[in-house]
Every structure is written in structure tokens, then in C-alpha cells.
């Protein structure tokens, strides 16, 4: 295969992959940081699995360790809140030594708010701590 043919093939395959990902309905959102952690950044990639459920891939950077907040907390918790419904604890968001973290889950919902709070308990039944990141997700 010559060089021109090889580059054309790579371009066509790359374009097809990009089109497929777009056609699957994936969305990329930036999370909005609170004033208490202005350096924090977060993104959430939202897609759909083969059953039509919503897939979430949340990534954060520059988020302070929860025990360095004022007041200090134990853990960050990821919450999902649908319109008119109570927020649902999705689990703990763990940070590495570089202050980065990733959280993945699958949900049956299409429209919701995703947010992160600093909590004393990873099994909190409702958000009670400081909110650090938030974004509305819509199809």
C-alpha cells in the first residue's frame, strides 16, 4: 500500500469513528466549580449503552483533598438530581495524589443535574456538605 493510500484510509476510518460516536448521542459537558474551589475543573461525558441507559464518565482535576477544606470533610460524593426529585447518592469520588479523580456509572435517566459535594460520610442519604462542582445534563 502506498503512502497516499495509507493516509486516505486512516482519514476515512477516523472520520467514520467520529461520525459513529456523534451518532450515538454522546455529549461532553464542563462542570461549573463553586467559589470555594475555583481552580477545580471537571467534565462529564454522557453516552448510552446498548440498553438505552445513560452512561456517565465524570473526570475532575485540581480538586482539593476533602480534608483540606474548611471545615474539613472525609470524602467527595457524586449526586444525581432529577427535576422535582431528591438527590441520589451515586458513590464516592476518589482523588489520586495529583488531585485527579474519575467516576463512572450508568443511569436510567436522560435529564438530570450532576453535582459533587464534600461529605463526612460516603453513604450520605442527602447532600449536606459543601457543593464543589455542578452541571445540568440534557439530551
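Just so you know, all these numbers are worked out from the coordinates, no wet-lab data involved. Computed from a prediction, not measured in an experiment: that's the story for all the values here. As a convention, Cβ positions derive from the backbone with ideal geometry for all residues, glycine included, and neighbour counts pool all protein chains shown.
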Expected unfolding gain across residue 131-residue 67 under the 0.36 nm per residue rule, minus the alpha-carbon gap, is 21.6 nm
Under 20 Å by backbone N from the virtual spin label 7 Å along Cα-to-Cβ at residue 36, the residues of segment 81-96 are 81, 87-96
Of the listed peptides 43-49, 95-101, 113-119, what is their order by residue-averaged count of other C-beta atoms within 10 Å, with the highest listed first?
-> 113-119, 43-49, 95-101
Provide, as a two-decimal number, the C-alpha radius of gyration of segment 26-137 over 2.2 N^0.38 Å, N being how many residues it has.
-> 1.01
